[in-house]
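The values are calculated or read from the model by the stated rules, or taken from the named source; none is laboratory data. As the structure is a computational prediction, the values presented were derived from the model and not from experiment. Glycine gets a Cβ as well: all are built from the backbone with ideal geometry, and neighbour counts include every protein chain shown.
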Amino acid sequence: MKSSERYRRIRKVLILVLIANFGVALAKGLVGLRADSISMVADAFHSLMDGSSNIIGLVGVALAARPRDETHSYGHAKFETFASIGIVVLLLVTAIQIVESVYGRLTAETLALPDAGPLAFATMGFTMLVNTGVSYFERRQGQKLSSTFLVADSRHTMSDVYVSFSVIASLLAARFGLAIVDIVVGGFIAGAIAVAAIRIMKEASIVLLDRAVLDPAEVERVCLSVDEKGILGCHKVRTRGSEAGYWIDLHLLVEPELPTRKSHRIASVVERRLKDEYGEETDVVVHIEPGR
């Protein structure tokens, strides 16, 4: 699949997820405010950040889709990963805001009891179904399109489902007059958001810090599987990137007496073999080195 087509499909997925996330956030927020439930409002903020991250993703994908130019000879693919960092910032800001709300409720003279009526339960149940479907759809598309952003964002969306279970528990507790549970769940949601931020940051750092992404021994095996006389070995393998596109740099050992033209032809064959193995978008640099 061409890069332009891949990014077009990613944009389409993000737009659909964006609409769903803002709809879920609006429903939770309005009902949560009406019920005076801090956990529902916190969950609404969580969903709102899902939608905001989709907007960041759309911007990041638009920039990443730009072709290589003189100042960006390796392309703009890392903009997609930088967009993941934007999600991290939004998540941490949300977590802080929720903690402030929890603290304000705890320091109040009396603990307010949420109105745990049928509307609140129905809203939570419906939004959980929507989030489950959205997360599954986004994860499948992310894997299909090799998008680290979509996969990371699908995990973020799925965390909404787990958080919603705790919100429902707090609403049930409110039925029995336990107002403190609503506050505790709000704090739990803040913690869950912070953990999601750390996980996404860890995954993004793999790409941004150019950590090795392929097993050097496996890359060597692929190179030596090429049926060409004159190849003696392969070493000094370096890799970086992500499933959206790998960069492979290696040294190919060939017989010293091979003509330069034949050595370069072998290098081209090895490059083609690696692209067939790891994807057409893989950037391969083969350094020819005389063996001993």
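Does ALA267 satisfy being more than 30 Å from THR94 (Cβ to Cβ) and touching a Leu at 6+ places or on another chain (Cβ under 9 Å)? Talk me through it step by step, then tell me what you get.
Values: more than 30 Å from THR94 (Cβ to Cβ): yes; touching a Leu at 6+ places or on another chain (Cβ under 9 Å): yes.
Yes: the conditions hold for ALA267.
Could you figure out which of (1) buried (at least 20 other Cβ atoms within 10 Å of the Cβ); (2) under 25 Å from ALA20 (Cβ atoms); (3) touching a Ser or Thr at 6+ places or on another chain (Cβ under 6 Å) isn't true of ASP182?
If we test ASP182 against (1) buried (at least 20 other Cβ atoms within 10 Å of the Cβ); (2) under 25 Å from ALA20 (Cβ atoms); (3) touching a Ser or Thr at 6+ places or on another chain (Cβ under 6 Å), just (2) comes out false.
Any residue at all in the range 19-38 that is touching a His at 6+ places or on another chain (Cβ under 7 Å) and crowded, with 17+ Cβ neighbours inside 10 Å? Write out each step before concluding.
Taking the range 19-38 first, the residues touching a His at 6+ places or on another chain (Cβ under 7 Å) are none.
Checked the range 19-38: no residue is touching a His at 6+ places or on another chain (Cβ under 7 Å) and crowded, with 17+ Cβ neighbours inside 10 Å.
Collect the residues in the range 264-279 that are charged (D, E, K, R) and in contact (Cβ under 8 Å) with a residue 40 or more places away in the chain, keeping them in residue-number order.
ARG273, GLU277
Within the bounds of the range 198-205, is there any residue that is hydrophobic (A, V, I, L, M, F, W, C), over 22 Å from GLY245 (Cβ atoms) and either buried (at least 17 other Cβ atoms within 10 Å of the Cβ) or at pLDDT 75 or above (or both)? Let's see the steps before the verdict.
First pass over the range 198-205, keeping only residues hydrophobic (A, V, I, L, M, F, W, C): 198, 200-201, 204.
Still in the running and over 22 Å from GLY245 (Cβ atoms): 198.
So of that shortlist, the ones also either buried (at least 17 other Cβ atoms within 10 Å of the Cβ) or at pLDDT 75 or above (or both) come out as 198.
Checking the range 198-205: at least one residue is hydrophobic (A, V, I, L, M, F, W, C), over 22 Å from GLY245 (Cβ atoms) and either buried (at least 17 other Cβ atoms within 10 Å of the Cβ) or at pLDDT 75 or above (or both).
For residues in the range 227-284 being among the basic types (Lys, Arg) and not in a helix (DSSP H, G or I), which is surrounded by the fewest Cβ atoms within 10 Å (Cβ to Cβ)?
Our first condition is that a residue be among the basic types (Lys, Arg); within the range 227-284, this holds for 229, 236, 238, 240, 261-262, 265, 272-273, 275.
Now drop any that are not not in a helix (DSSP H, G or I), which leaves 229, 236, 238, 240.
Values: LYS229: 9, LYS236: 12, ARG238: 15, ARG240: 19.
Once the filter is applied, the top-ranked residue is LYS229.
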